[in-house]
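J.: Sharing a structure here in structure tokens format.
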Protein chains: 4
Amino acid sequence: MPASSEPDDDLLDRAAGIRLAAFDVDGVLTDGGLILGADGSEHKVFHVHDGLGLVMLRESGIQVAVISARESRAVEERMAALGIAHLCLGQSDKGAALAKLMRDLGMSRAQTAYMGDDLVDLPALTLAGLGIAVADAHPLVRERAAWVTQKPGGRGAVREACELILKAQGKLESCYRRFLGP
Amino acid sequence: MPASSEPDDDLLDRAAGIRLAAFDVDGVLTDGGLILGADGSEHKVFHVHDGLGLVMLRESGIQVAVISARESRAVEERMAALGIAHLCLGQSDKGAALAKLMRDLGMSRAQTAYMGDDLVDLPALTLAGLGIAVADAHPLVRERAAWVTQKPGGRGAVREACELILKAQGKLESCYRRFLGP
Amino acid sequence: MPASSEPDDDLLDRAAGIRLAAFDVDGVLTDGGLILGADGSEHKVFHVHDGLGLVMLRESGIQVAVISARESRAVEERMAALGIAHLCLGQSDKGAALAKLMRDLGMSRAQTAYMGDDLVDLPALTLAGLGIAVADAHPLVRERAAWVTQKPGGRGAVREACELILKAQGKLESCYRRFLGP
Amino acid sequence: MPASSEPDDDLLDRAAGIRLAAFDVDGVLTDGGLILGADGSEHKVFHVHDGLGLVMLRESGIQVAVISARESRAVEERMAALGIAHLCLGQSDKGAALAKLMRDLGMSRAQTAYMGDDLVDLPALTLAGLGIAVADAHPLVRERAAWVTQKPGGRGAVREACELILKAQGKLESCYRRFLGP
């Protein structure tokens, strides 16, 4: 399936059925940078726009999950602050992790979206009915994704994906209205 | 009101009356990045150009305030170093926070500017007589702002807004002269 | 030899014979930024895409080495996590360090690649049969390199080099297939 | 004097006489970002290319100085590692700080270069015989500088200035030769 940066009707149709949205961490919720200290400590940089997108998804009744090959306390802290319940960390096989999550939550492929950026995301991205790639994803990931965001990872790509899903489900306007007032 | 990147006469007229300038933090005074460590610590990146802009505003007799949904010791430290008196942190309702600040300081809407970047800033941005958006703000925020800066958040957008207000009030030249010498 | 950004047949021929790939750290595996704290601590930012590239090289039977003028615990931690065995840190003379490594591993110049970004890398880069520069390398380094990546240091340049070598050796497809599934 | 990005003969003439090169820190040796933690700690990001430029200046017999309005242990650590002797930190009046340094070292204006990025740098930049601005300096600073680098602060602008001075003095080739070998 060719990658495209503008959502067309087929894409919106697929996004309309999503009940579970799963996201990779490094390169998707971050720009891929691993900030390492001399003492073995690690910092990650999340973007505030992405956080609001995940909260809007969650408050609109969509299950939100994070799947990462790495363990990270920073990810746990950030997701707890955003009220994200499903954390699958330390998963070297992301396809298996997503498959288990889908079974646990009773989600079909057509109800599941996955967003990734590198080769290790391909099994999950092709398992999900809606595979999304960040703008700076590996070429092969962009090629296999149903949609490629305009923004790169860690700089609003996740927010773009959240708004696409909400828009396709007719929920984006009510999210906006909450902030626009009467 | 359509967003524009070049200040016109109407914009300068409005900026001329500003006595209170309030700024969002994440995405405005920073680039939106939340640097999180494994121990729950958080770092923020401020820009030195923005700091001088806030100081020039303050020294020109304009009240400067910061309004954020998040609590942050780093914000407190930075604003204390810049001599910024009005800190409204942990405010989930920024519109209410700005309304209270305006009452406390006896400021009208026409005397108040607010600068933001995301949906949560819309109530405050539309309450203020002069709403300003950073270049990389959410499309809806750019659309509702009277002016959109050329620079993105955390990279000089705040400085641009400060100089616009000072210029409109005929105070920018005297700020410059202080550094240019006799 | 003129620098080029597209691999041609001669370049692929040379890359096909590589058995040892050595990489500079600052400016190649990072964007050149040295994050220094008040307590003398240092952080480095590695990119997750580069990490997977190094692992794919290693798992394809190519020796991977890192040569740096600086000592860094963060480099040690990152390379240990990636299973990189050959760490040559604190080497003010990188040409000598690479020459010793080649002797220890019994590698000829034609079997050795080196990737760098600044003048201090020139002795190693010209010793190696395949010298590679990052997109934002010093002009003289770009000029002396057989190939210049499209991406800058710390933002995927190392991954580009890894995939070039794997592609030239006919190993890239099998790396991809591991993630694409049956 | 109009700012230009390409060195012309007049600029090279002026650079040929420089015996003291002084640099601002935030926005020049860094990209202007102040990384602040909740505990009041501060980190700065220096670029490895700039470090080599300062070392080449110093080893070519040119006095190198750093002048900053802020105190910073990170700056002290970095400059000590580079062997930079003249640190003028916590100087709110950079013009006075540079004037004192010139007196102490017996340097004339024609022998002195200063590199800055913001209004607070103007007194020192106009005192020095050769004023240099980074690409992303404040418009007024770019206007008053004799030369504007192609690269922004913290991303190689200092290295560009160092190489300009060394080139004008006929010392750049010998710096290069040290790395190119016989």
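The values are calculated or read from the model by the stated rules, or taken from the named source; none is laboratory data. Keep in mind the model is a prediction, meaning the values are calculated, not measured. Quick reminder, even Gly has a Cβ in these numbers, built from the backbone with ideal geometry, and neighbours come from all protein chains shown.
J.: Among the strands (runs of 3 or more DSSP E) lying completely within segment A:71-165, list those that include at least 2 residues that are under 19 Å from A:Val55 (Cα atoms) and either modelled with pLDDT of 95 or more or away from chain B (no Cβ under 14 Å) (or both).
T.: Per the criteria, A:86-88, A:112-116.
J.: All but one of (1) buried (at least 21 other Cβ atoms within 10 Å of the Cβ); (2) touching a residue at least 40 places away in the same chain (Cβ under 8 Å); (3) more than 14 Å from chain D (Cβ to nearest Cβ) hold for C:Ala16; state the number of the condition that does not hold.
T.: (1)
J.: Another one. Taking the options A:Gly40, A:Gly51, name whichever one is more than 9 Å from chain B (Cβ to nearest Cβ) and either farther than 21 Å from A:Ala97 by Cβ or part of a strand (DSSP E or B) (or both).
T.: Sole residue among the options that is more than 9 Å from chain B (Cβ to nearest Cβ) and either farther than 21 Å from A:Ala97 by Cβ or part of a strand (DSSP E or B) (or both): A:Gly40.
J.: Same structure again: Considering segment B:166-182 alone, what residues qualify as being assigned to a loop (DSSP other than H, G, I, E, B) and more than 12 Å from every other protein chain (Cβ to nearest Cβ)? Before you say what the answer is, go through the steps one by one.
T.: Of the residues in segment B:166-182, the ones assigned to a loop (DSSP other than H, G, I, E, B) are B:169-171, B:181-182.
Matches in segment B:166-182: B:Gln169, B:Gly170, B:Lys171.
J.: When B:Gln63 is evaluated against the numbered criteria (1) under 15 Å from B:Met115 (Cα atoms); (2) under 13 Å from the mean Cα position of the chain (by Cα); (3) within 12 Å of another protein chain (Cβ to nearest Cβ), which criterion, by number, is the only one it fails?
T.: Result: B:Gln63 passes all but (3).
J.: Pairs under 7 Å by beta carbon, first residue hydrophobic (A, V, I, L, M, F, W, C) in segment B:54-65, partner in a loop (DSSP other than H, G, I, E, B) and surrounded by 20 or more Cβ atoms within 10 Å (Cβ to Cβ), six or more apart or different chains?
T.: Within 7 Å, the pairs are B:Leu54/B:Ile84; B:Ile62/B:Ile18; B:Val64/B:Ile84.
J.: Pick out the one residue from D:Arg103, D:Arg144, D:Arg109, D:Arg155 that is over 30 Å from C:Ala96 (Cα atoms), of a type in the set (Lys, Arg) and in contact (Cβ under 8 Å) with a residue 40 or more places away in the chain. It would help to see each step written out before you state the result.
T.: Numbers: D:Arg103 fails: in contact (Cβ under 8 Å) with a residue 40 or more places away in the chain; D:Arg109 fails: in contact (Cβ under 8 Å) with a residue 40 or more places away in the chain; D:Arg155 fails: over 30 Å from C:Ala96 (Cα atoms).
When all the criteria are applied, what remains is D:Arg144.
J.: Could you tell me which numbered condition A:Thr112 fails, if it satisfies all but one of (1) over 26 Å from A:Gly33 (Cβ atoms); (2) more than 16 Å from the chain's Cα centre (by Cα)?
T.: All conditions pass for A:Thr112, except number (2).
J.: May I pose another question? How many residues are of a type in the set (Val, Ile, Thr) and either over 22 Å from A:Gln91 (Cβ atoms) or in contact (Cβ under 8 Å) with a residue 60 or more places away in the chain (or both) when one looks only at segment A:121-141? Don't jump to the end; show me each part of the working.
T.: Residues of segment A:121-141 that are of a type in the set (Val, Ile, Thr), as a first pass: A:126, A:132, A:134, A:141.
Applying the additional criterion that residues be either over 22 Å from A:Gln91 (Cβ atoms) or in contact (Cβ under 8 Å) with a residue 60 or more places away in the chain (or both) yields A:134.
Residues meeting the conditions: 1.
J.: Can you tell me how many residues within segment D:40-69 are modelled with pLDDT under 95 and closer than 15 Å to D:His86 by Cα?
T.: Filtering segment D:40-69 down to residues modelled with pLDDT under 95 leaves D:40-42, D:69.
Okay, now just the ones that are also closer than 15 Å to D:His86 by Cα, so D:69.
Here the count works out to 1.
J.: Sort out which residues of segment C:161-176 are under 21 Å from C:Asp8 (Cβ atoms) and out of contact with any strand residue (DSSP E or B) (no Cβ under 9 Å at 6 or more places or on another chain), and write them in order of number.
T.: Correct list: C:Glu163, C:Leu166, C:Lys167, C:Ala168, C:Gln169, C:Gly170, C:Lys171, C:Leu172, C:Glu173.
J.: Next question, about the same structure. I'd like the full set of residues that are of a type in the set (A, V, I, L, M, F, W, C), surrounded by fewer than 21 Cβ atoms within 10 Å (Cβ to Cβ) and closer than 20 Å to A:Gln150 by Cβ, limited to segment B:124-182.
T.: Passing the criteria: B:Ala135, B:Leu140.
J.: Among the residues of segment B:54-70, write down those that are outside any strand (DSSP E or B), among the polar types (S, T, N, Q) and within 20 Å of B:Arg19 (Cβ to Cβ). Before the answer, list the steps.
T.: Of all residues in segment B:54-70, those outside any strand (DSSP E or B) come to B:54-62, B:68-70.
With among the polar types (S, T, N, Q) added as a condition, the list becomes B:60, B:68.
Hit for segment B:54-70 is B:Ser60, nothing else.
J.: Still on this structure, please answer the following. Just a yes or no: is a residue in segment D:18-33 modelled with pLDDT under 95 and charged (D, E, K, R)? Step through it out loud before you land on a result.
T.: Start the filter on segment D:18-33 by keeping residues that are modelled with pLDDT under 95, which leaves none.
Scanning segment D:18-33 turns up no residue that is modelled with pLDDT under 95 and charged (D, E, K, R).
J.: Turning to a different aspect of this structure: For segment A:7-21, which positions are over 17 Å from A:Ala133 (Cβ atoms) and touching a strand residue (DSSP E or B) at 6+ places or on another chain (Cβ under 8 Å)?
T.: As a first pass, look at segment A:7-21 and keep what is over 17 Å from A:Ala133 (Cβ atoms): A:9, A:12-13, A:16-17, A:19-20.
Within segment A:7-21, A:Arg19, A:Leu20 meet the criteria.
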